[in-house]
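The values are calculated or read from the model by the stated rules, or taken from the named source; none is laboratory data. Source: prediction; values computed, not measured. Glycine gets a Cβ as well: all are built from the backbone with ideal geometry, and neighbour counts include every protein chain shown.
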Amino acid sequence: MRGTESSNKMWGGRFAEGPSAIMREINASIPFDKALWRQDIAASKAHVAMLGAQGIVSTGDMDVISAGLDQVAAEYEAQGVPENWDLEDIHMTTESRLAELIGPAAGRLHTARSRNDQVATDFRLWVRDAIDQADAGLAALQRALVMRAGEHADSIMPGFTHLQTAQPVTLGHHLMAYYEMVRRDRSRFADARARMNECPLGSAALAGTGFPIDRKATAAALGFDGPTANSLDAVSDRDFALDYLQAAAQCSLHLSRLAEEFIIWASQPFSFVALPDALSTGSSIMPQKKNPDAAELVRGHAGRIVGCLTSLMVTMKGLPLAYSKDMQDDKPPVFEAAGLLGLSIAAMTGMVADSAFRTERMRQAAELGYATATDLADWLVREADIPFREAHHITGAAVKLAEQQGVALDALSLEQLKAIDARVDERVFNALSVDASVASRASHGGTAPDQVRLRVAEAMAALEGESL
Ligand code: ARG
């Protein structure tokens, strides 16, 4: 029935009573923070062990509480975490279930702590795991990139600037560019992990506690390097989540760029790659279609991940010390970003590992795109002592002629080239082929196949070194 006394006429239809029902719903974080249950139990077990060791609770209570927490964990594992809005969040849900199981001793668990340091600790533990997962996924992506780069150290393709054919490069070189991006992503995640690895537990509500706790013990038990130094900062700091999201956002940009390459390469006018069937979809109306949906979604997900970063930044902006309830909104963007990032990394790893590269087609595109025009100009400068601007002009005339004839530059005859400029001689053909062009770019980090093989070998050694 609509519009009862206690519910608002405009929006009260679904509420049995007035504001308290709204309060319950807006307040409840259990629908999403139940994802923290493992971390919450681990932190509680570390806390109660410390309380027992310090004589703040009896060893008898400590044992009962610890065993009770194990039982709650087993229930969550088997049946999931119950969602009761009245219990607000994972912390109260767990404590309430503990009380049902072990009775009044459960009330001693919350001695010398607050939900403020509890949630800060749980969330750090969760983010730390998310970083480790991202790192493992990115290592797998790097291995796929390096494998394919090694296979294609000699495969020639057009290199682009402005998405216009610029100079020939090797596919191996192109793939190794993404290896480098991922290397930096992993280093950003590692930085974030090192910076966040301090334990807030024991900061209590905001000011610390009068109980004789041992913060070093709980920090060590939870794998932190040590306790945080300032209780006000510790309960209100979400830099660790922002560091994670920034690393995730930047990583997602790289994944999006790689996805975009595959989308372009898979389109028929390019036909540089056949995507794995397992990562493509068909069209319900056009039977010939094989759509790069996974790559497109990776590209799309980057937008959402950047949105998650923006969301938490704006949430934190302007919050005074210490804890404010706004901070409960820290979790959904981090959880969402982590899920999207994990999928994106996995999709791109599969795409790199299992795509079939059409190397003949790539090579042909490099040849017909006059990608070696710079090599001709450079040859004229080097061998015929012609100023670069003039060489550029002569080369332009050669490209125009080749274009008119529909052939590659090195398919022009010596007579045709000499007619454009008499200083050309037969040695020019050594510079005009796409193979000669890439082989010549042997500067450190250049596209020459030997350089690419060196970088691949270094990368393989680095990846093997870390899996030891
Ligand atoms: N569910 C809360 C959160 O996620 C836990 C902290 C609540 N603290 C408080 N003083 N109300 O932020």
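Summary of computed values
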| read-out | value |
| --- | --- |
| Among the candidates GLU95, GLU75, GLU100, residue that is within 13 Å of the ligand (Cβ to nearest atom) and either more than 26 Å from ARG193 (Cα to Cα) or crowded, with 21+ Cβ neighbours inside 10 Å (or both) | GLU95 |
| Only listed residue being of a type in the set (Lys, Arg), on the phi < 0 side of the Ramachandran plot and in contact with a strand residue (DSSP E or B) (Cβ under 9 Å, 6 or more places away or on another chain), chosen from ARG238, ARG195, ARG215 | ARG215 |
| Entirely in the stretch 188-289, the helices (runs of 4 or more DSSP H) that have 3 or more residues that are within 25 Å of GLY159 (Cβ to Cβ) | 239-266 |
| Residue check for LEU258: under 24 Å from TYR179 (Cβ atoms), at pLDDT 95 or above, more than 16 Å from the ligand (Cβ to nearest atom) and within 21 Å of the chain's Cα centre (by Cα) | yes |
| Any hit, the stretch 115-124, residues being more than 10 Å from the ligand (Cβ to nearest atom) and surrounded by fewer than 17 Cβ atoms within 10 Å (Cβ to Cβ) | no |
| Residue check, ALA134 under 18 Å from ASP243 (Cα atoms), at pLDDT 95 or above and away from the ligand (no atom under 16 Å from the Cβ) | yes |
| Evaluation of ALA295 against (1) within 16 Å of the ligand (Cβ to nearest atom); (2) crowded, with 16+ Cβ neighbours inside 10 Å; (3) not charged (D, E, K, R) (one fails), failing number | (1) |
| Residue in the stretch 305-318 that is away from the ligand (no atom under 16 Å from the Cβ), in contact (Cβ under 8 Å) with a residue 40 or more places away in the chain, part of a loop (DSSP other than H, G, I, E, B) and not aromatic (Phe, Trp, Tyr) present | no |
| Yes/no for ALA192 being of a type outside the set (Val, Ile, Thr), in contact with a Pro (Cβ under 9 Å, 6 or more places away or on another chain), buried (at least 18 other Cβ atoms within 10 Å of the Cβ) and closer than 30 Å to GLY303 by Cβ | no |
| Candidates VAL169, VAL235 - the one that is under 30 Å from ASP329 (Cα atoms), surrounded by 15 or more Cβ atoms within 10 Å (Cβ to Cβ) and at pLDDT 95 or above | VAL235 |
| Residue in the stretch 14-32 that is nearest to the ligand (Cβ to nearest atom), counting only those that are closer than 12 Å to TRP85 by Cβ and either crowded, with 17+ Cβ neighbours inside 10 Å or in contact (Cβ under 8 Å) with a residue 24 or more places away in the chain (or both) | SER29 |
| Counted residues, the stretch 103-114 - those being within 12 Å of the ligand (Cβ to nearest atom) and buried (at least 22 other Cβ atoms within 10 Å of the Cβ) | 1 |
| Search result, residues across the stretch 421-431 that are assigned to a helix (DSSP H, G or I) and either in contact with a Leu (Cβ under 7 Å, 6 or more places away or on another chain) or farther than 15 Å from GLU383 by Cβ (or both) | GLU426, VAL428, ALA431 |
